[in-house]
Structure formats: C-alpha cells, structure tokens
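Structure record follows, encoded as structure tokens.
Bear in mind these aren't lab numbers, they're just calculated from the coordinates by the rules spelled out. Predicted model only: the values in this text are computed from it and were never measured. All Cβ positions, even for glycine, are placed from backbone atoms using ideal geometry, and neighbour counts span all protein chains on display.
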Amino acid sequence: EDQVTQSPEALRLQEGESSSLNCSYTVSGLRGLFWYRQDPGKGPEFLFTLYSAGEEKEKERLKATLTKKESFLHITAPKPEDSATYLCAVQGPMGRQLTFGSGTQLTVLP
Amino acid sequence: NAGVTQTPKFQVLKTGQSMTLQCAQDMNHNSMYWYRQDPGMGLRLIYYSASEGTTDKGEVPNGYNVSRLNKREFSLRLESAAPSQTSVYFCASSEAQREKLFFGSGTQLSVL
C-alpha cells in the first residue's frame, strides 16, 4: 500500500526566511510525485511533477527535489502570498490513482 | 475557461437524505475523479472515470455512486447520507490518468 507522510504539519515563517517542506513516501515503483498548493476554501492547484530521483523543478520561489525515499519543497525568501497548504501525492506503477499526504500548512508572516 | 465547475458549494443534509453533486469540465479531459478531504487525512479517492463510459472504485467508494453522463460531466450521488459522509468533496479532471489533476473549488457537505 502506497503511503505519503508530510512534515511538518504546520510551519510559520517570517517573510524572507527560507525553509523546506518534506514529503516521505513508500511506493513500489514510483511513476510520479506531484506537488499541489491549496488555498483556504479552494481546490488544490498543480505545482510540479517529478519522475525520477535527482530531478529538480523550479517555479518562482519554489524548488522541488526528489530522492528515492522523499521529496523536498524548498521555499526561498517566501512572501505572505506563499501562505497555503502544500500537498504531496505519489502515483504508483498501476498509475490509476494518486495517494495524497495530509499536507503542510505554511504561514508566512509580513 | 471555467475549468472544473462543481455545484453546489455548500449543502446540509439530514441522515438518510439523498443528493447528487454535479461536476463539469470544459477542458476536453478524458479522466474525471471524485475525492473527499477530511482534516488530517488528506485527499482520498472515491470514484474515478478513466474515460467516457467507464467508472471504477477508488479507495473509499462505500455509500456513493457515480455517473459519467458524457465527456464533460461526472456526478456523485449519496443515496442515504450518513454523518460519516460529512466532508469537503472535490471533483477533478485530467487529460489522461497519469497526468496532473485540475480541481474544482469543492462542495462542503454536512450531514446531521
């Protein structure tokens, strides 16, 4: 059974204070690891897909990296508008459905 | 583009009542999904439709039924609502099963 654990559950940062969110996973044969952002009262919004260990992707202040056991979402010099819940999900070899983690709630204070 | 549209946004039911959640997408996507989101548990897949004319159970299908009405529309029905079905429900779509998901804005359902 695929499992995804995200840590920390909640993170408060000062504006400009860089940090990382962790996503640890167990899946037999990873097809893809996805990062989504979810704002309060809205549906998740796609950020990145990573397919193999060593892969990295960047978008503005966010960079996602992948190893064989975990993924990190690095946030560089965050701004208050980066406040959201960040969700990680994995897709196993059958590729039919995603297994989501419970998310990290990020708050960036001005 | 509207993307994925869900109705209603909020609903309160009494135990035993039935209702249908509606979902439509205008991106010509083949695959559609219904998820529920509960505090501390992450998103869990209820049912999905890989393509028009097909539906399959996800992780938590009990108490639900779905209909893929056409390529655009995918509805979720609760035949006899239970308090355990109190949750936020999200519809999503993707070009194909292994592609990124586009989510609707959700339906907050309370069953009393």
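Count of the range B:17-38 residues, restricted to those that are away from chain A (no Cβ under 12 Å) and either closer than 19 Å to A:ALA89 by Cβ or touching a helix residue (DSSP H, G or I) at 6+ places or on another chain (Cβ under 8 Å) (or both), is 2.
Identification of strands (runs of 3 or more DSSP E) wholly contained in the range A:12-100 with 2 or more residues that are without any contact (Cβ under 8 Å) to a residue 24 or more places away in the chain, away from chain B (no Cβ under 11 Å) and polar (S, T, N, Q) yields no element. For the range B:53-89, name all the residues that are more than 12 Å from chain A (Cβ to nearest Cβ), assigned to a loop (DSSP other than H, G, I, E, B) and in contact with a Leu (Cβ under 9 Å, 6 or more places away or on another chain). Matches in the range B:53-89: B:GLY63, B:ALA81, B:THR86. For the range B:90-107, the set of residues classified as in a strand (DSSP E or B) and either more than 8 Å from chain A (Cβ to nearest Cβ) or within 9 Å of the chain's Cα centre (by Cα) (or both) consists of B:PHE90, B:CYS91, B:ALA92, B:SER93, B:SER94, B:THR107, listed by residue number.
On the given criteria, is B:LEU101 without any contact (Cβ under 8 Å) to a residue 24 or more places away in the chain, closer than 21 Å to A:GLN91 by Cβ and of a type in the set (A, V, I, L, M, F, W, C)?
Working: without any contact (Cβ under 8 Å) to a residue 24 or more places away in the chain: no; closer than 21 Å to A:GLN91 by Cβ: yes; of a type in the set (A, V, I, L, M, F, W, C): yes.
No, not satisfied.
The set of residues in the range B:1-35 that are under 12 Å from A:GLY43 (Cβ atoms) and of a type in the set (A, V, I, L, M) contains only B:VAL4. Going by the conditions given, is A:GLU1 in a loop (DSSP other than H, G, I, E, B), of a type in the set (D, E, K, R) and closer than 21 Å to B:ARG98 by Cα? Here the answer is yes, as A:GLU1 does meet what is asked. Could you list, in sequence order, the residues of the range B:39-51 that are more than 9 Å from chain A (Cβ to nearest Cβ) and either in contact with a strand residue (DSSP E or B) (Cβ under 6 Å, 6 or more places away or on another chain) or aromatic (Phe, Trp, Tyr) (or both)? Passing the criteria: B:ILE46, B:TYR47, B:SER49. A single member of A:SER24, A:SER18 is closer than 27 Å to B:ILE46 by Cα and among the small types (Gly, Ala, Ser), and it is A:SER24.
Filter the range A:77-110 for residues that are hydrophobic (A, V, I, L, M, F, W, C) and surrounded by fewer than 20 Cβ atoms within 10 Å (Cβ to Cβ); which is nearest to A:SER24 (Cα to Cα)? If you could, list the steps in order and put the result at the bottom.
Within the range A:77-110, the subset hydrophobic (A, V, I, L, M, F, W, C) is A:77, A:84, A:87-90, A:94, A:98, A:100, A:106, A:108-109.
Restricting the remaining residues to those that are surrounded by fewer than 20 Cβ atoms within 10 Å (Cβ to Cβ) gives A:77, A:94, A:109.
On the way: A:ALA77: 24, A:MET94: 20, A:LEU109: 26 Å.
The extreme case among them is A:MET94.
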